[in-house]
Amino acid sequence: MSTSILTEKTGKITKITINRQEVRNAVDKDTMLALRDAVEQTADDGTRVVIITGAGGHFCSGADIKAAMASNLTPDDAIGVLTESYGPALKSIRNCPWPVIAAIEGNAAGIGLDLAMACDIRVASGDAILSELFIKVGLIPDGGGTFMLQRLVGIGRAMHLTFTGEPVPAEKALSWGLITSIFPSATFSEDLMKYAGMISKQSPVALHYGKKAIHEALYGNYEDALNREAEYQKKIFSSKYGFEGFKAFVEKRPPSWLKED
């Protein structure tokens with residue numbers, strides 16, 4: 001079993017930690033495959049919120065280029081890593097039925113930033129630095145960055161970050177929409193778990209369909225989104241929770257899903 005990925009489940013929250021501290025959590029093929037497996041296991045194990053983070057004060061410093069070059073990497077090998085490892089890991093995050101939070105401390109660079117952008121929500125410590133570093137090694141973003149970056153920060157800033165690799169401090173990342181919240185470094189872990197815990201208490205079926213609807217809305221138009229929302233609301237109302245949220249609100253009591261294990 002790979003030690004480059006650590007998994008810890010606390011109640012309905014599963015924390016997945018990239019654990020390659022000697023290279024500031026730079027990832028390789030095996031690490032990304034292990035990440036994919038860890039995310040996929042949360043689909044039906046009682047998890048309601050997934051956290052992806054890095055060990056030792058850094059999220060992910062990018063791809064482990066030194067290790068890759070030491071193995072006489074060819075163009076076909078490089079593309080194989082993307083299609084057979086990185087791609088499947090990133091898709092597993094998007095396809096996970098539950099909200100996935102990227103918890104960013106220290107560096108999130110290159111594929112590390114693209115990994116964070118594949119997650120549904122990004123929170124960061126005050127000392128976090130985010131950067132799309134591919135241009136520094138003569139490449140374009142290849143972890144879905146060309147898709148997500150412009151949707152988060154706008155096309156102009158996406159072009160700027162792609163062509164310069166400029167590091168973005170947490171405060172600027174927040175103002176640009178690259179992250180959603182900053183938690184103080186001193187209380188980062190506690191604030192993170194409180195935030196994830198708040199989400200984990202929501203209706204499981206609403207979490208699932210809410211994520212699904214938002215992601216699918218990226219590809220359609222406004223009318224498509226309205227139709228999709230109606231379709232998924234019907235699925236929610238028809239689920240075992242039905243109108244439980246309405247009833248609990250009227251009766252001024254906690255909804256039944258809070259009582260489930």
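Observations
- Assessment of the stretch 173-180 against the conditions (closer than 21 Å to Lys15 by Cα and either in the same structural domain as Cys60 (by TED's automatic domain parsing) or modelled with pLDDT under 95 (or both)) yields at least one matching residue.
- Between Ala108, Ala89, Ala26, the distinction of being crowded, with 21+ Cβ neighbours inside 10 Å and in contact with an Asp or Glu (Cβ under 8 Å, 6 or more places away or on another chain) belongs to Ala26 only.
- Unmet requirement for Thr47, which otherwise passes all of (1) loosely packed, with under 15 Cβ neighbours inside 10 Å; (2) in contact with a Phe, Trp or Tyr (Cβ under 8 Å, 6 or more places away or on another chain); (3) β-branched (Val, Ile, Thr): (1)
- Scanning the stretch 114-134 for residues that are more than 21 Å from Lys211 (Cβ to Cβ) and not β-branched (Val, Ile, Thr) yields Ser125, Gly126, Asp127, Ala128, Leu130, Ser131, Glu132, Leu133, Phe134.
- Filtering the stretch 132-157 to residues that are small (Gly, Ala, Ser) and buried (at least 22 other Cβ atoms within 10 Å of the Cβ) leaves Gly143, Gly145.
The values are calculated or read from the model by the stated rules, or taken from the named source; none is laboratory data. Predicted model only: the values in this text are computed from it and were never measured. Heads up, the Cβs are rebuilt from the backbone with ideal geometry, glycines too, and the neighbour counts pull from every protein chain shown.
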